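What follows is one structure encoded as structure tokens, with my remarks underneath.
The values are calculated or read from the model by the stated rules, or taken from the named source; none is laboratory data. Note that the structure is a prediction, hence the values are computed from the model and not measured. Because the Cβ atoms are built from the backbone with ideal geometry, glycine has one as well, and the counts that use them run over all protein chains shown.
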Amino acid sequence: MLRSLEKIFVVLMLLYTTGAILPFFAGRGSATQASTFELAVQVPLYCLTFFFIMLHWRSFLDAAVTMKWILALTALAVASSVWSQVPAFTLRRSTILVATTAFGIYFGTRFDVNGQLRLLSRVFAIAICASLFAAIFFPRYGIDATLHHGDWQGVFAQKNGLGRAMALSAVVFFFARPRAGRWMSWLGVISSLILLYLSKSVTAALVMLLVIGMLLVFRLFRTRFTFALPIFTLGTLVLSLVLLTGVLASPEFLRFINRDPGLTGRTSLWNAVGSAIAQRPWFGWGFESFWLGMQGASGTLVQQLHWAPPNSHNGFLDLVLEVGIIGLCLFVVGYVFLCGRALVFLKRYPGHIPVWLCTYLFFMLAYNSSERTILEQNSIFWVLYISTAASLYLHVPYTVMVPEPAEPYGLHAAEPAPEAV
């Protein structure tokens, strides 16, 4: 009974971190204050998180001690309240970040990788059905009628929210093994891609194409031709990110897709952010304390740009802006360690699990070329980064220690491995 309730809680918590449904009820708080409805949902969910953590505190601590770089980065975000422009606000937000990180560790330790994918597939099945229902029966809410007229946003606050959720959903369904069978995975992939297309999210489409390309690279990595493959794989990853960043910042590309370069072009924004970083390069302005509209230092950028960006539209710039070069170095070192471990598993063990872990690490990094997913509170992308780290150190050696029969990774109907208990 408790196990079933725990799974229901995890699905609800993951759905909350996708940003789906709740924006239609939460309303908008001020720049430094969450809405009452949001707090009424957030507080019970995280209280339940710590309740379940306490039931399994030993495995939680065992996993936490393996994530020194991630914990150091999170601790830096909390410590930044000391030099933040708005110390109390940074402390509140960083506390939520700690809770989000704790849920990621719990999710990665409590469920093995197949169990995580099954629960994620349920979450995205709900998001897909709810988005279709909203767009078809309540188009006033499900289809944008203002800035991006006709673009679907489903049960998300904005079309890019739907786009990036569906990009992740397609990847999840590709690797998941639903007990209902292979057809359910294909249905999930196709539905996700249809909604991604209807969202008209350019970033999501480009990231999806890069993910498909990286799946081919990961397949090559498993061949017998091992010479220089690690360098080739990492080089491909870096080159993909550079090309994606360049394409998204290019005025010519924006004109080609009928977007206004003056509004959505990111070059001028990134130049302005670079000037702000230069003022506080080492430790930044404080976690979540820079982008406050006309308040504080961001007010100067708003006047300079003549529009009010919600963030830097680049996760790496936001990371340096908030926790400085020190924070960026902590993230890079931790990420490189995780990638190295993931590639070792990919090379040594067959099956879909190592490929999923490598794919998610690439997916998460690729999205930061245009949006923020690093060190983000209440974000499924940060939760999955943490759970991926936990899985790489805990579950993968046991899940794939016995070689599986050679078969294409991704969609297959083999009986899933039992969940961790």
Query - Flag for I96 being in the same structural domain as I143 (by TED's automatic domain parsing), over 23 Å from V333 (Cα atoms) and either of a type in the set (V, I, T) or touching a Cys at 6+ places or on another chain (Cβ under 6 Å) (or both) - result: no
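Kindly indicate the residue of the range 315-368 that is small (G, A, S) and in contact (Cβ under 8 Å) with a residue 40 or more places away in the chain and also farthest from V217 (Cα to Cα) among those meeting that condition. Even if it seems obvious, please write down each step before you answer.
Within the range 315-368, the subset small (G, A, S) is 315, 324, 327, 334, 340, 342, 351, 366.
Next, only the ones that are in contact (Cβ under 8 Å) with a residue 40 or more places away in the chain stay: 315, 324, 327, 334, 342, 351, 366.
Numbers: G315: 24, G324: 33, G327: 30, G334: 22, A342: 14, G351: 15, A366: 15 Å.
Result: G324.
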Report task. Check every one of the helices (runs of 4 or more DSSP H) wholly within the range 110-221 and list those with 3 or more residues that are surrounded by fewer than 24 Cβ atoms within 10 Å (Cβ to Cβ) and more than 21 Å from the chain's Cα centre (by Cα). Result -> 113-137, 139-142, 182-199, 202-221
Query raised in the report: What are the residues in the range 274-299 that are farther than 22 Å from S94 by Cα and at pLDDT 85 or above, if any?
Result: G274, S275, A278, Q279
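Could you tell me whether the range 20-39 includes any residue that is within 30 Å of F337 (Cα to Cα) and in a helix (DSSP H, G or I)?
Checked the range 20-39: no residue is within 30 Å of F337 (Cα to Cα) and in a helix (DSSP H, G or I).
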**Report entry** The listed residue being without any contact (Cβ under 8 Å) to a residue 40 or more places away in the chain, touching a Ser or Thr at 6+ places or on another chain (Cβ under 9 Å), part of a helix (DSSP H, G or I) and among the small types (G, A, S), out of A63, A88
**Finding:** A88
Query - Filter result for S250 (at pLDDT 60 or above and over 21 Å from I374 (Cα atoms)) - result: no
Query raised in the report: Looking at R266, R259, R255, which is the one that is exposed (fewer than 15 other Cβ atoms within 10 Å of the Cβ), touching a helix residue (DSSP H, G or I) at 6+ places or on another chain (Cβ under 8 Å), modelled with pLDDT under 75 and closer than 30 Å to L301 by Cα?
Result: R255
Requested in this report: Evaluate the following for S240: is it buried (at least 18 other Cβ atoms within 10 Å of the Cβ), of a type outside the set (A, V, I, L, M, F, W, C) and either at pLDDT 75 or above or assigned by TED's automatic domain parsing to the domain that holds A20 (or both)?
Outcome: no
